[in-house]
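Notes to accompany the following structure.
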Amino acid sequence: MSAIKITLPDGSVRDYVAGTNSMDIAMSISEGLARNVLAAKVNGDVWDLTRPIQKDSTIQLLTWQDKEAQSTFWHSSAHLMAEALEAIYPGIKFGIGPPIENGFYYDVDPGDQTIALGDLPKIEQKMLELARNKSEYIRTEVSKADAISFFQKKNDEYKLDLLEGLEDGQITFYQQGDFIDLCRGPHIPNTEKIKAVKLTNVAGAYWRGDESKKMLTRIYGITFPKQKELDDYLALVEEAKKRDHRKLGQELELFMFSDRVGAGLPMWLPKGTALRTRLEDFLKKEQIKRGYMPVITPHIGKKDLYVTSGHYAKYGADSFQPILTPRENEVFYLKPMNCPHHCEIYGHKPRSYKDLPIRIAEFGTVYRYEQSGELHGLTRVRCFTQDDAHLFCTKEQIKDEFLSTLDLTRYVLEKLGFDNYTAQISLRDPNDLEKYIGSEENWQAAEAAIIDAAAEAGLKTVTAYGEAAFYGPKLDFMVKDALGRSWQLGTIQVDYNLPERFELEYIGADNQPHRPVMIHRAPFGSMERFIGVLIEHCAGKFPLWLAPEQYAILPISEKYHDYARELERKLAEHDIRGYIDERAEKIGKKIRDTELNKVPFMIIVGEKEVEDNTLSVRRQGQGDLGTVSLQDFVQIIQKEIN
RNA sequence: GCCAGUGUAGCUCAGUUGGCCAGAGCAGCUGAUUUGUAAUCAGCUGGUCGGGGGUUCGAAUCCCUCCACUGGCUCCA
């Protein structure tokens with residue numbers, strides 16, 4: 001038997017006999033590692049631990065700490081669930097059962113039977129029972145003909161449908177216990193690794209996502225190698241529920257929806273408006289510093305505007321229906337974006353190269369028809385306000401404009417406590433270049449400008465091919481919140497299309513007309529979505545500078561109301577805002593209510609404070625901070641804000 | 001839009017073999033209490049049981065339909 005060389009991640013090279021597998025390698029390193037290893041990356045591909053390695057290879061042993069191992073684990077768990085389902089529901093047919101970000105699902109067709117939420121516990125029990133059998137996941141290569149005949153016998157039309165798209169010679173089955181599935185793999189070594197199981201949901205899902213096809217039952221679940229890890233996960237889910245912006249939005253009276261106004265149309269209550277206005281003012285100020293010119297445009301525009309922009313052809317049928325004038329029968333649309341209006345503003349007078357870049361900014365409210373089933377709190381609505389701006393510049397200026405926009409966006413995110421983000425650079429699909437408009441030269445220049453700018457800014461980036469808009473490449477900020485969930489917020493997009501369609505020009509140094517490039521950018525994305533994410537990120541405990549109310553004065557009794565009013569007046573002079581709780585309640589009650597309303601500072605005043613001309617300060621979530629003078633309190637506040 | 005589920009007071013929720021004027025806690029109002037770091041006491045007000053239609057002697061409860069919400073699917077300038 002010939003020898004092969006295995007290179008490990010630390011660079012060390014070991015000799016093994018050909019046909020060894022990753023499990024043997026793990027065992028030869030340490031028993032502990034062998035116990036914890038779930039899969040292995042062999043020359044860049046994730047493999048079963050039991051799969052023989054025949055040639056010199058670089059391998060990395062994957063444990064629960066590795067994302068790829070988790071995916072493998074969950075994929076194997078989907079098979080385990082399928083095994084359990086087949087035991088409980090004879091004749092059940094299977095679609096696909098992949099791992100997802102948190103767990104896995106399997107799409108199944110239970111025939112005449114139904115699977116409801118209440119059935120999940122018994123499936124979980126069956127899974128745990130089967131897991132204890134320690135069944136190995138066994139990989140076998142099968143011919144297409146054999147695979148087809150196997151699933152024909154099983155009468156599983158979904159697997160047969162999948163097989164149609166597969167090539168003979170590349171088809172593998174995996175078996176654990178009595179369950180055999182068409183599967184590319186890889187899988188964990190055996191079912192015993194799966195110690196904790198939670199099936200979370202059932203939902204309908206069309207076969208292959210096609211609504212003309214049959215609706216299958218999708219069962220979601222998640223599994224872990226240890227019960228403790230499942231408990232931690234469930235605790236995290238509970239925490240996420242507590243932070244849900246829809247719940248907090250109602251409790252803190254930030255925004256509301258009304259059936260009469262309509263679905264997906266949020267209304268900002270006074271406290272939410274205070275918060276939002278502060279955010280807008282913050283960004284407006286930064287933009288003015290950076291040479292932006294604020295404008296205001298109408299909420300509707302004539303059909304012709306959108307015919308010119310090209311949006312009518314692409315989205316007209318799926319928009320809110322047009323608005324007609326009663327006599328002239330002119331046709332207007334609610335604006336679904338601000339760029340066409342801004343293009344008109346750019347074009348209203350001749351522009352010189354000396355004027356560029358021109359940065360037109362507007363907190364523009366837009367209206368988009370979203371399907372009713374899509375609406376969700378503030379993160380998916382039919383009316384929202386973009387912190388929009390369009391930068392008109394020369395090709396040469398793209399990179400600098402990009403850099404300064406990156407800088408602004410990062411400043412904004414970090415100021416709001418979002419420290420964990422990556423930038424997704426979305427480029428063309430190299431296999432389908434026809435679907436993009438604009439010249440090859442322009443695309444290459446723009447893509448290079450984005451890549452360079454991101455690198456120069458030192459951003460953590462991922463590149464997504466095929467994710468570019470049809471009119472230009474873009475960069476999206478993917479932000480992780482306090483619970484580790486990813487959100488797409490700010491975006492920067494290069495656009496060659498609209499300047500062309502609106503025939504925008506500037507006069508160059510050569511006294512000839514040239515076409516400017518347009519950059520769309522929105523650091524927040526939309527105010528609604530951003531604030532929704534912000535609420536969940538900080539669990540409703542906003543940074544002091546944003547808090548709708550920064551303090552509440554809680555007088556011990558009515559006797560101290562005058563003193564409280566004097567404090568309120570003096571704090572207002574320092575631009576510190578709050579209110580007095582003048583109810584005839586005991587101090588404990590007032591504190592409790594204020595704590596629940598997440599007001600950052602409580603100021604308690606009674607006889608002592610009036611006599612000494614001081615105030616007792618209590619911090620939300622932290623308790624009593626002691627007694628200070630008014631000046632000291634103002635300083636505490638101002639220090640925290642700056 | 002599609003599938004499944006949910007909709008009872010401002011909020012959180014009880015209330016099914018269909019049957020007296022539909023309940024609780026919190027909030028609100030009134031009164032008493034004038035209070036020292038997470039709920040003072042008492043009384044009172046408040047509901048087209050999501051809207052409309054139907055079945056029935058009788059509907060929060062059963063059926064149809066529309067609306068909204070929740071979880072998915074599809075879509076997202």
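The values are calculated or read from the model by the stated rules, or taken from the named source; none is laboratory data. Keep in mind the model is a prediction, meaning the values are calculated, not measured. When we count neighbours, we look across all protein chains shown, and the Cβ atoms used for this are built from the backbone with ideal geometry, even at glycine. Accessible surface is based on the protein model in full, side chains and every heavy atom, while ligands, DNA and RNA are left aside. Shrake-Rupley method; radii C 1.70, N 1.55, O 1.52, S 1.80 Å.
Just the Cα atoms of region A:1-149, one point each, no solvent: what log10 I(q)/I(0) does Debye give at q = 0.09, 0.13, 0.19 Å⁻¹? Summing over Cα pairs of region A:1-149 leads to -0.38, -0.73, -1.18.
Would you please give the FRET efficiency between A:SER258 and A:ILE300, computed as 1/(1 + (r/R0)^6) with r the Cβ-Cβ distance and R0 = 25 Å, to the nearest 0.05? After rounding, the FRET efficiency stands at 0.65.
Using Cα atoms only, what is the angle between the long axis of helix A:227-243 and the major principal axis of chain A, expressed in degrees (0 to 90) to the nearest 10? Result, in degrees: 30. Across the alpha-carbon set of chain A, the Rg to Rh ratio works out to 1.03, Rh being the Kirkwood radius. Taking amide H as placed 1.01 Å from N in the peptide plane, the amide H of A:ASN420 sits under 5 Å from that of A:LYS480, each at least 5 places away or on another chain. Of all aspartates and glutamates in the structure, those lying under 18 Å Cα to Cα from A:LYS586, and not within fewer than 8 positions of it along the same chain, are A:GLU558, A:ASP562, A:GLU595, A:GLU607, A:GLU609, A:ASP624.
Listed by chain and number, the aspartates and glutamates whose alpha-carbon sits under 13 Å from that of A:LYS435, ignoring those within fewer than 8 places in the same chain, are A:GLU467. Rounded to the nearest 10 degrees, the inclination of helix A:144-154 to the longest alpha-carbon principal axis of chain A is 80 degrees.
Dividing the radius of gyration of the alpha carbons in region A:68-232 by their Kirkwood radius gives 0.94 for Rg/Rh.
Per residue, the accessible area of region A:3-63 comes to 50 Å², computed with a 1.4 Å probe over protein heavy atoms only. Within the full protein context, the accessible area of A:ARG278 is estimated at about 60 Å² for a probe radius of 1.4 Å. Applying the Karplus relation 6.51 cos²θ - 1.76 cosθ + 1.60 with θ = phi - 60° to region A:42-56 yields 3J(HN,Hα) values of 10, 6, x, 9, 7, 10, 5, 5, 8, 7, x, 10, 9, 9, 3 Hz, where x marks Gly and Pro. Mean silhouette area of region A:551-641, derived from the convex hull of its C-alpha atoms and averaged over all directions, reads 5.2 nm². For region A:3-63, the share of accessible area belonging to carbon and sulfur comes to 50 percent (1.4 Å probe, ligands and nucleic acids excluded).
Carbon-plus-sulfur accessible fraction, region A:68-232 (probe radius 1.4 Å, protein heavy atoms only): 46%. Candidate cross-link partners of A:LYS5 among the lysines, defined by an alpha-carbon separation under 17 Å and a same-chain spacing of 8 or more, comprise A:LYS41, A:LYS55. Once you have a ≥ b ≥ c as the square roots of the Cα gyration tensor eigenvalues for region A:412-550, tell me rounded if a/c is under 1.5, and otherwise prolate or oblate according to whether a/b is larger than b/c. The shape class here is prolate. Based on C-alpha pairs under 8 angstrom that are at least 6 apart in sequence, chain A has a relative contact order of 8 percent. What does the charge count near A:GLU330 come to, summing +1 for each Lys or Arg and -1 for each Asp or Glu among other residues with Cβ under 11 Å from its Cβ? Net local charge, A:GLU330 excluded: +1. Please report, as a whole percent, how much of the solvent-accessible surface of region A:551-641 comes from carbon and sulfur atoms (probe radius 1.4 Å). Summing carbon and sulfur atoms, their accessible area is 45 percent of the total for region A:551-641. Counting 0.36 nm for each residue step from A:LEU403 to A:TRP64 and taking away their Cα separation leaves a gain of 118.2 nm.
When the inverse distances between all different Cα atoms of region A:267-347 are averaged and flipped, the Kirkwood radius reads 15.2 angstrom. In this view, the solvent-accessible surface of A:MET478, computed with a 1.4 Å probe and all protein chains in place, comes to about 50 Å². Solvent-accessible surface of region A:551-641, averaged per residue with a 1.4 angstrom probe and all protein chains in place: 56 square angstrom. The loop-placed GluC sites (Glu not before Pro) in region A:81-131, going by DSSP, that have at most 16 neighbouring Cβ atoms within 10 Å of their Cβ come out as A:GLU101.
Given region A:37-121, what whole percent of its Cα pairs are spread farther than 18 Å? For region A:37-121, the fraction of Cα-Cα distances above 18 Å is 53 percent. Taking only Cα atoms, what is the 0 to 90° angle, nearest 10, from helix A:440-456's long axis to the longest principal axis of chain A? Once rounded, one gets 80 degrees. Shown in residue order for region A:213-223 are the 3J(HN,Hα) couplings computed by the Karplus curve 6.51 cos²θ - 1.76 cosθ + 1.60 at θ = phi - 60°: 9, 6, 7, 9, 9, 9, 10, 9, x, 8, 9 Hz (x for Gly and Pro). Kirkwood radius and radius of gyration were both taken over the C-alpha atoms of region A:3-63, and their ratio Rg/Rh is 0.91.
In the full protein context, region A:68-232 carries 47 Å² of accessible surface per residue, based on a 1.4 Å probe and ignoring ligands, DNA and RNA.
Here region A:167-255 is described by how far its Cα atoms reach on the three principal axes: 61, 41, 20 Å, from widest to narrowest. Relative contact order of region A:570-642, taken over Cα pairs closer than 8 Å and 6 or more residues apart, is 20 percent.
A Förster radius of 51 Å, combined with the Cβ-Cβ distance separating A:LYS5 from A:LYS195, puts the computed FRET efficiency at roughly 0.90.
Proximity of backbone amide H atoms, modeled 1.01 Å from N, is registered between A:ILE53 and A:GLY19, A:THR20, A:ASN21 at under 5 Å, excluding neighbours fewer than 5 places apart on the same chain. All other residues whose Cβ lies under 10 angstrom from that of A:THR594 are scored, Lys and Arg at +1 and Asp and Glu at -1, for a net of +1.
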